[in-house]
Amino acid sequence: MKIGILQCGHFPTADGFPKQTYGDLYARMLAGHGFEFRTWSVVDMDHPASIHDADGWLISGSKHGAYEDLPFIPPLEDFLRRAYSADVPLVGICFGHQVLAKALGGHVEKFDGGWSVGRQTYCLDGDEMALNAWHQDQVTKPPADARTIGTSAFCEHAALAYKGRAFSVQPHPEFDAAEVQLLLHVRRAGLDPDMADAVQANLPKPLSNDKLAARIAHFFKETVHV
């Protein structure tokens with residue numbers, strides 16, 4: 001079963017840290033679930049020729065805003081609408097969560113409450129999960145086809161389930177401590193010092209990445225007829 005990764009940004013690099021792409025991170029996150037992967041770097045205008053080039057699509061994180069006037073966003077949104085209309089499974093993570101919501105009629109904006117970074121606690125369908133976040137933008141109005149199934153104290157619409165074959169989350173189940181440490185290394189100057197210190201202190205604490213990864217894998221398998 002092939003999962004197409006729609007890479008909407010480039011994961012940062014820094015001396016002393018492994019070089020990774022979002023494609024690498026998602027392949028690692030879903031390792032052991034029997035998938036094969038292909039990445040299209042849509043941020044570089046490498047778009048799939050067809051919505052059927054993969055059995056399901058995973059839309060990545062990005063430093064960009066879904067509301068920005070960037071050349072890759074309109075064709076990506078058109079692709080997502082066509083895939084959704086054709087019942088091709090879609091999973092969005094962080095920026096992917098936001099751009100999918102926007103493409104299907106929701107609203108995304110820069111949240112005036114500031115940033116959510118590092119380990120956060122979410123309630124997903126009544127199940128408490130600890131997951132890493134790194135965002136200020138949020139879905140502030142879900143599409144009519146979506147219902148909110150996950151929240152946090154900071155993010156009201158942290159996970160959405162759609163009437164069609166789509167599911168999305170704001171946090172990053174692909175981020176372990178190493179990825180957050182890298183982000184902290186390259187972006188610490190833009191954070192409140194107390195927030196940065198709290199992110200650092202929380203790095204050793206356990207995460208629910210495997211639990212959410214298993215849910216994503218189950219979603220793909222349940223919504224694809226093989």
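Tabulated data for the structure shown
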| read-out | value |
| --- | --- |
| Residue within the range 53-62 that is closer than 16 Å to Val139 by Cβ and of a type outside the set (Ser, Thr, Tyr) present | yes |
| Selection count where residues are surrounded by 13 or more Cβ atoms within 10 Å (Cβ to Cβ) and either charged (D, E, K, R) or farther than 14 Å from Ala159 by Cα (or both), scope the range 111-126 | 6 |
| Residues located in the range 196-213, provided they are in contact (Cβ under 8 Å) with a residue 12 or more places away in the chain and either of a type in the set (A, V, I, L, M, F, W, C) or assigned to a loop (DSSP other than H, G, I, E, B) (or both) | Ala196, Ala198, Val199, Leu203, Pro204, Lys205, Pro206, Leu207, Ser208, Leu212, Ala213 |
| Residue match in the range 214-225 (condition: part of a loop (DSSP other than H, G, I, E, B), without any contact (Cβ under 8 Å) to a residue 24 or more places away in the chain and more than 20 Å from Val108 (Cβ to Cβ)) | yes |
| Filtered residues of the range 3-21 (kept if more than 19 Å from the chain's Cα centre (by Cα) and either within 17 Å of Arg38 (Cα to Cα) or acidic (Asp, Glu) (or both)) | Asp15 |
| Every residue from the range 170-203 that is over 13 Å from Val117 (Cβ atoms) and either touching a helix residue (DSSP H, G or I) at 6+ places or on another chain (Cβ under 6 Å) or of a type in the set (S, T, N, Q) (or both) | Pro173, Glu174 |
| Out of Ala153, Ala177, sole residue that is touching a residue at least 24 places away in the same chain (Cβ under 8 Å), out of contact with any Leu (no Cβ under 8 Å at 6 or more places or on another chain) and among the small types (Gly, Ala, Ser) | Ala153 |
| Sole residue being of a type in the set (Val, Ile, Thr) and more than 18 Å from Gln170 (Cα to Cα), chosen from Ile59, Ile51, Ile5 | Ile51 |
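Readers should treat all values here as calculations from the given coordinates under stated rules, not as data from a laboratory. All values reported here derive from a predicted model rather than from experimental measurement. Every residue, glycine among them, receives a Cβ derived from its backbone with ideal geometry; neighbour counts consider all protein chains shown.
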